[in-house]
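Here is the structure we will look at, set down as structure tokens.
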Amino acid sequence: MEWTPGDRGDISDQRGRSGGFGVAHLGIGGFLVLLVLSWVTGTNLFSLLGTGGSAPTQSVGTTGEVASSPAEERLVDEVAAVTKDAQDMWAEKLGSRYRRTKVTLFRDAVQSACGFAQAATGPFYCPEDGQVYLDLGFFNELSRKLGAPGDFAQAYVITHELGHHVQNLLGLNERASGDRRTGAESASVALELQADCFAGVWGHTAAQPGRAQAGKVELDPGDVEEALRAAAAIGDDRLQKMATGRVMPERFTHGSSAQRVEWFKRGMDSGDPRACGGSVATTR
Ligand SMILES: [Zn+2]
């Protein structure tokens, strides 16, 4: 994938605001308890936890310094470039129906209008404040644990979440709210597959030649395969199998690997959001 760094206007950087390791996993209360116990017993109990003996210097809601690396800053630029590119596309396709949002970057934990979330939740979209939340550490998971590396695999994750924003703006998610079912046939899985398809629609746009020269995101050969690998890697059947050794379609939340690949391709091949609309309607 080719892209130009620089414009971070679509990013809300809260990496310095979220808690450090000690705060996120221990909480201030737990920290104080351990501090007292360490003092009483004369043993540094923090070392047992691997959190170090120093007091947490940051907590949720306070502004702290962002300790970052050049590699991480490049990742921020990439997320910013993809987010801007995809939002430009939606603004073009939907006109005044589209309202730009931000991708909020956080570390370890974040407070959203949808509640307190930890990085383990993975990237998510909060309809209450209309923002995408992303801990850059997820891309490590995607690459190392799930076997889906690469910048376009990352772009697929971002544009999938922006797909939920589109659903929110168009009221598509309301159509699913009356469906109490869970599992492979549920409306919520259909919404996830539609978001995959919306990510594919952006992929179609980004595949157009000459975009890089115009300062936009442009796909390289092999990028589509990368995204398809990512879609297959985070299918419910595969994740369930990795976690429990079994596949339970009645507990599907996002669709099977085959379904996720199929719906991404539907958007990628057509470049038309209307090609993604069937999923909600056909499951009811
Ligand atoms: Zn989703």
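Dipole size of the stretch 125-273 about its Cα centre, with +1 on Lys/Arg Cβ and -1 on Asp/Glu Cβ: approximately 360 debye, rounded to the nearest 20. Distance between the modelled labels on ALA113 and ARG74, one decimal in nanometres: 3.6 nm (7 Å Cα→Cβ projection).
Note on the stretch 68-131: Rg/Rh from C-alpha atoms, Kirkwood Rh, equals 1.02.
Net length available on complete extension from ASN140 to ARG180 is 11.0 nm, with 0.36 nm assigned per residue and the Cα-Cα distance removed. Protection proxy ranking for 212-218, 162-168, 133-139, using the average of other Cβ atoms within 10 Å per residue and placing the highest first: 162-168, 133-139, 212-218. Extension gain, ASP269 to GLU225: 0.36 nm times the residue separation minus the Cα-Cα distance gives 14.5 nm. Here LYS93 is the anchor, and the lysines within straight C-alpha reach of less than 18 Å, apart from those fewer than 8 places off in the same chain, are LYS84, LYS216. Please give the residues of the stretch 176-212, grouped as numeric ranges, whose backbone N is less than 16 Å from a label point set 7 Å along the Cα-to-Cβ vector of ALA258. In the stretch 176-212, the label zone of ALA258 (backbone N under 16 Å from the point 7 Å along Cα→Cβ) covers 184-185. Based on the Stokes-Einstein relation at 10 °C and a viscosity of 1.306 mPa s, and on the Kirkwood radius from alpha carbon pairs, the stretch 141-232 is assigned a translational diffusion coefficient of 111 µm²/s. Once you compute Rg and the Kirkwood Rh from C-alpha atoms, what is the Rg to Rh ratio for the stretch 57-183? For the stretch 57-183, the value is 0.98. Counting pairs of Cα atoms in the stretch 131-284, how many percent are more than 20 Å apart? So the portion of pairs separated by more than 20 Å is 49 percent.
A short reminder: the numbers here are calculations on the coordinates, not readings from a lab. Not measured: the values here are computed from a predicted model. Here the Cβ is made from the backbone with ideal geometry for all residues, glycine too, and neighbour counts use every protein chain on show.
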